[in-house]
Structure formats: structure tokens, C-alpha cells
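The values are calculated or read from the model by the stated rules, or taken from the named source; none is laboratory data. No experiment lies behind these values; they were computed from the predicted model shown. A quick note on method: Cβ atoms are made from the backbone with ideal geometry, for glycine too, and the neighbour counts reach across all protein chains shown.
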Amino acid sequence: MLDTTELKKFMVEKKPFEEAIDGFWGWIKSWKEDDPEDYFNVFGNEDISTIELTRERIALVINCSFDTPIEFIQTTLNVIYKEDLIAQYYYLQNFNGEVIDDVLSFEKYSLITKND
């Protein structure tokens, strides 16, 4: 029988949502520094300090798309800007709490991606 006891323990000990929030702002800072033109194409001169990050989910994932399945914890944050869900931020950790990867995925029809 599967239960969530270990995942709940991970949440208490490793604080993945707090880690993900820090990771998101680090991701944004790196994006702005490493690819300012791409960043400007998305946000222009908008004040993004008003972005709100809300908890969406934490999940144990077994990704089977490789020859050897990869297991990790995925923490998902909703990225809300001007009261619109514009993206989700995925923060991936191994079972020791170390970061494996992170991804910012913009919603297809958010106000950021709409063509006027």
C-alpha cells in the first residue's frame, strides 16, 4: 500500500516550497542577466516584484522516458502576475533535497503570451 508519510516528512525537513520560491527568484535573476533580450521580450520594463507565487503541488515522480527511470520530488508553484496565472515553476530535487533541475513553463494563453 502506498502512503504519503515519507513525502510529508520530506516537506517538513527539506522545506521544498520555500526552496522553490528562492529557486524561482534565482531563476528570474539569472534569466535577466544571462539573456536580457529574451527577458525583455517577455516582461519589458514591467515591475515583476508583484509576482505572487502560490503552492500548487508536491509529488514523487518516476520519469520513465529514459532507459533508466529517474525518481525525484517535484515541487510546483503557480506564478501569478496581475491576477493572471502566467506560468508554473517546477523545482526538482533528489531524495536528499539536492536540486536536480528547475523549469519555468509559461501558460499558453497567459497575458504574457497573448498576441495583441
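For region 15-48, a tally of residues being part of a helix (DSSP H, G or I), among the polar types (S, T, N, Q) and at pLDDT below 95 returns 1.
Across region 26-51, the qualifying residues are those that are surrounded by 14 or more Cβ atoms within 10 Å (Cβ to Cβ) and not aliphatic (A, V, I, L, M), and the one among them that is nearest to Phe95 (Cα to Cα) is Trp27. Of the strands (runs of 3 or more DSSP E) entirely within region 49-116, those holding at least 3 residues that are touching a strand residue (DSSP E or B) at 6+ places or on another chain (Cβ under 6 Å), modelled with pLDDT of 90 or more and of a type in the set (S, T, N, Q) occupy 70-81.
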